[in-house]
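The values are calculated or read from the model by the stated rules, or taken from the named source; none is laboratory data. Treat the numbers as computed from the prediction; the structure is a model and nothing was measured. Cβ placement follows ideal geometry from the backbone for every residue including glycine, while neighbour counts extend to all protein chains displayed. All accessible areas refer to the heavy atoms of the entire protein, side chains included, with ligands and DNA or RNA removed. Shrake-Rupley method; radii C 1.70, N 1.55, O 1.52, S 1.80 Å.
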Amino acid sequence: MIYLDNAATTPMSEEVRAAMAPYLDSVYGNPSSTHQAGRQARQAVDHARRIIASWLCAPSSQLVFTSGGTEANAMALVGTYLARRKTRRHIVTTQIEHHAVLHTLDFLESLGALVTRLPVDKWGYVDPDEVVRALRPETGLVSVMAVNNELGTIEPLAAIAALVKQADAEVLVHSDMVQALPVTPHPLSDTLVDLASFSAHKIHGPKGIGALYVRDRIAWQPIQHGGQQEHRRRGGTENVAGIVGFGAAVAQLEHNFVEHQIKLQQLHEGLWQGLAMAIPDIVRLSPPGGVPTILNVAFPGVRNDTLLMRLDMAGIALSAGSACTAGSLEPSHVLEACGHVPWLQNAIRFSLSEQNTFAEMDETVHVVATIVDELVKRV
């Protein structure tokens, strides 16, 4: 199988699997226990936390382990709203955020939050000045993703955070950085972001483990209680094996990071150029300056559900957008927000990792072009 759905999840690497193995078998202590088995587990958790924090460019004390990016987003949004809902109940975001953010904001609106969802341009970019103009005296939080999961758009996050803080230093800035982690060195460096969400399974780590960065001394409160874990910021026994796997995945990401980014860029460019030459009327929806891991395109006259089914039968795994909406009859809210309504039924997303090969790109171009040609002739 040629796997090109890495934005949904990446295959776990052998190095990560090997690092996790002892904590699924012989090292089974609860990290909150004081005996030797518990201390071994605690040491493993602390070691992984330091590795991850170092790569993110954050103090290890400011990382809270979660069950994934969705929970990290919910903790950031709900925790900041609850902390200042009496005076700062307004939240600013964009129309193209992941549903983990948008659906959480829908929930907060039912509790009394006021939410402004800003428009974007055709490439998915939000204007930093528009963010500032949306601020009100009661604004408590701005949430803008670093990289869009459907288009690969790199949002001007550093500029947004700086302008927001300049306009009102009391407004907190959160970013869903799940899709930025595979392609961004030291994601938290040189930004004024107060909270950020991450997930391990986008970088060849295990599913079910993520992290929330929470800057010290900000107006935020935990939303999960019942234990002393994570310095009382998230009650519940830690997922030791998952945390160890997360740490191993980050260590592997850091190793040969530059070389992997060069390869990803070459894979991306080769795939796009091959598709554009083989299918002249292809429509590119991803911005030219987006991340190399995501390429969203549309094939006029070809339904994406039919194309994806044919590609799956041919051994190529792709998607039409976010895995979190797979099986839904709703069109992509991201493409709609960007004005790509004519292509809602024709767009598919290629998403790459450094494990992909140039031979796979060549084979993918050939198979896609052949199937598209067959489907167009049927119309």
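Kindly check whether there is at least one residue in the stretch 155-167 that is in contact (Cβ under 8 Å) with a residue 40 or more places away in the chain, touching a strand residue (DSSP E or B) at 6+ places or on another chain (Cβ under 6 Å) and small (Gly, Ala, Ser).
No, the conditions are met nowhere in the stretch 155-167.
Which numbered condition trips up Val302, out of (1) within 17 Å of Gln179 (Cβ to Cβ); (2) open to solvent by less than 40 Å² (accessible area, probe 1.4 Å); (3) part of a loop (DSSP other than H, G, I, E, B)?
Failed condition: (1).
Could you grab me the full set of residues in the stretch 203-230 that are open to solvent by 30 Å² or more (accessible area, probe 1.4 Å) and within 27 Å of Pro11 (Cα to Cα)?
Lys207, Gly208
Being in a loop (DSSP other than H, G, I, E, B) and charged (D, E, K, R) is the filter; apply it to the stretch 62-100 and report the residue that is most open to solvent (accessible area, probe 1.4 Å).
Top of the filtered list is Lys86.
For the stretch 264-277, state whether one or more residues are touching a helix residue (DSSP H, G or I) at 6+ places or on another chain (Cβ under 6 Å), part of a loop (DSSP other than H, G, I, E, B) and open to solvent by 10 Å² or more (accessible area, probe 1.4 Å).
no
Taking the conditions exactly as written (acidic (Asp, Glu), modelled with pLDDT of 95 or more and more than 17 Å from Tyr3 (Cβ to Cβ)), does Asp281 satisfy them or not? If you could, list the steps in order and put the result at the bottom.
Working: acidic (Asp, Glu): yes; modelled with pLDDT of 95 or more: yes; more than 17 Å from Tyr3 (Cβ to Cβ): yes.
Yes.
For Thr104, are the conditions met, namely being of a type in the set (Ser, Thr, Tyr) and open to solvent by 10 Å² or more (accessible area, probe 1.4 Å)? Working first, answer last.
On the way: of a type in the set (Ser, Thr, Tyr): yes; open to solvent by 10 Å² or more (accessible area, probe 1.4 Å): yes.
Yes.
Just to verify a result, which residue in the stretch 162-186, among those that are in a loop (DSSP other than H, G, I, E, B) and open to solvent by less than 10 Å² (accessible area, probe 1.4 Å), is farthest from Gln265 (Cα to Cα)?
The qualifying residue farthest from Gln265 (Cα to Cα) is Val171.
Condition check: in a helix (DSSP H, G or I) and surrounded by fewer than 24 Cβ atoms within 10 Å (Cβ to Cβ). Does Ala159 satisfy that?
Taking the combined requirement at face value, the residue satisfies it.
So, in the stretch 24-40, how many residues would count as being out of contact with any Asp or Glu (no Cβ under 8 Å at 6 or more places or on another chain) and either under 20 Å from Glu254 (Cβ atoms) or open to solvent by less than 60 Å² (accessible area, probe 1.4 Å) (or both)?
Number satisfying all stated conditions: 6.
So, in the stretch 187-202, exactly how many residues are under 24 Å from Ala249 (Cα atoms) and open to solvent by 40 Å² or more (accessible area, probe 1.4 Å)?
Of the residues in the stretch 187-202, 1 are under 24 Å from Ala249 (Cα atoms) and open to solvent by 40 Å² or more (accessible area, probe 1.4 Å).
Quick check on this structure: which one of Gly270, Gly315, Gly274 is at positive phi and not hydroxyl-bearing (Ser, Thr, Tyr)?
Working: Gly270 fails: at positive phi; Gly274 fails: at positive phi.
Of Gly270, Gly315, Gly274, the one residue that is at positive phi and not hydroxyl-bearing (Ser, Thr, Tyr) is Gly315.
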